[in-house]
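Below: one structure, written as structure tokens.
Throughout, read-outs are computed from the coordinates displayed, never taken from laboratory work. Note that the coordinates shown come from a computational prediction; the quantities given were computed from them, not determined experimentally. Don't worry about glycine lacking a Cβ; one is built from the backbone with ideal geometry, like all the others, and counts go over all protein chains shown.
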Amino acid sequence: MSLIATDKVGNLDAFNESGAVKRGLPPFAYTSEQFWEAEKNELFPSSWVLVGFAHEMDKPGDAMPVNVGDNPIVLVRNRDNTIKAFHNVCRHRCLKLVDKAQNVGRMLKCPYHAWAYGLDGELRTTPYFGGEDPQSVPEGFDPKEHGLKEVNCAVWYDWIFVNVSGDAQPFETFIEPVKSRLEGLDFDQAKLVGVIDLGVIDTNWKFLMENFIEPYHVQFVHSSTTDQPLVDHYTVNDGHCQGSAVDLDETDEGGDGSGDTLAVSSRYLTLFPTFVFGRYFPDQMGVHLNIPLGPNKTLQRRAIYMTDGTELDAESAEKLKQLWVDVHKEDHEMCIRLQEGRKSVVAQSGGVLSPHWEDSVRNFQEQVVAAVSE
Ligand code: FES
Ligand SMILES: [Fe+2]
């Protein structure tokens, strides 16, 4: 990948230096409004971005507003059970159409002048738009040309992705690096355990991603919640898929993923920019929904699934959720301190990355630079 030191986002000379030990992104990539603007305007809109869980809008007429960068988008479940995404603005005066998750019935109706759209986005009614007759339409106005603007949307299992620019790679190509590593996992068997709301974390979204894809910290940060020795890990670097994996001999561990600690073979995979997929053998997977809210604020939720169809009883489900809350809290604490550390002059150099354990982080950062430099 060729790196461009771009004036647009700041000086990347140190980041671009060659050598065995590479530097990390400079602080402005995590703190500056200018870099955040470039991510909002270019990186997120041009990517496939995870925006929601399909099980949270499971009835026809369910509508959920989300944002990609600054773009308000609304997800709508149709009568044929498919989910579509539209720019969330009325085509009359561009009012934000849906302001909270709700079931809209058969129509998306604008509260301002009552224009109404079908769940397919077509403009159905524009009362009094042409004059005193409620049905009147001004001459030359074709309602067909004023339906909601559709946004590329794809649903993979429980996960809803959108691509606002419409020119990201084909969705199948996007998910292929994770799909090809499912190792026999059958989504038809999977059962949702629940979603944990981890709240707003005072850190840049990239720190949460970088933290997930490097195994270096695991044995130090998660010493009480996991039992996964560093030397059993390896990193995964496959184009836009970064991550790490650990292979343990299950018979030695006695951990089954529903106990007090995590001591199982795992796959930690991401798809650039924000999709996070964790597989914990033999029977668990989790997906993080990371919603960047600003240079130093990220909202995070995690959906937990049993992959073998087991329905956990309430107590086991709570125990499992609590384990994950504890693991995430340990990570959040580090990510918040990474953000704090960016205020120091010493951080200007970007720190250094292990060529062995943090090559995944470096590859992720190079994709960030490429995406905001385009
Ligand atoms: S802005 Fe929606 S009907 Fe007027
Ligand atoms: Fe961690």
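Observations on the structure shown:
- Taken as entire DSSP H runs, the helices of the chain never both span 30 Å or more between Cα atoms along their own long axis and average 1.6 or more on the Kyte-Doolittle scale.
- Cα gyration tensor shape of the chain, rounded if a/c is under 1.5, else prolate or oblate by comparing a/b with b/c: oblate
- Take the Cβ atoms of Val137 and Thr82, set R0 to 35 Å, and the FRET efficiency comes out at 0.75.
- Ranked packing of 265-276, 112-123, most packed first, by mean Cβ within 10 Å: 265-276, 112-123
- Cα-based reach from Lys84 at 15 Å (exclusive), listing aspartates and glutamates while leaving out same-chain residues under 8 positions away: Glu56, Asp58, Asp62, Asp120, Glu122, Glu150, Asp158
- For the chain, Cys with no neighbouring Cys Cβ under 4.7 Å: Cys94, Cys153, Cys241, Cys335
- When the pairs Lys100/Lys144; Lys96/Lys329; Lys321/Lys343; Lys22/Lys329; Lys109/Lys329 are compared against a 30 Å limit on Cα-Cα distance, Lys96/Lys329; Lys321/Lys343; Lys109/Lys329 fall above it.
- Size of charge dipole - region 49-158 - debye, nearest 20, with Cβ of Lys, Arg +1 and Asp, Glu -1, no other charges: 180 debye
- Taking amide H as placed 1.01 Å from N in the peptide plane, Phe275 has its amide H under 5 Å from the amide H of Leu50, each at least 5 places away in sequence or on another chain.
- Listed residues Thr298, Thr82, Thr307, most fluctuating in the chain (Gaussian network, C-alpha, under 10 Å): Thr82
- Prolate/oblate/rounded label for region 49-158 (Cα gyration tensor, a/c 1.5): prolate
- Seen through its C-alpha gyration tensor, with square-root eigenvalues sorted a ≥ b ≥ c, region 219-374 comes out prolate because a/c lies at 1.5 or above while a/b is bigger than b/c.
- Nonlocal amide H pairs with Leu289, under 5 Å, H built at 1.01 Å: Arg301, Arg302, Ala303
- Relative to the Cα centre, the charge distribution of the chain, modelled as +1 at Lys and Arg Cβ and -1 at Asp and Glu Cβ, gives a dipole magnitude of about 1400 debye.
- In the chain, Cα pairs under 8 Å separated by at least six residues give a relative contact order of 21 percent.
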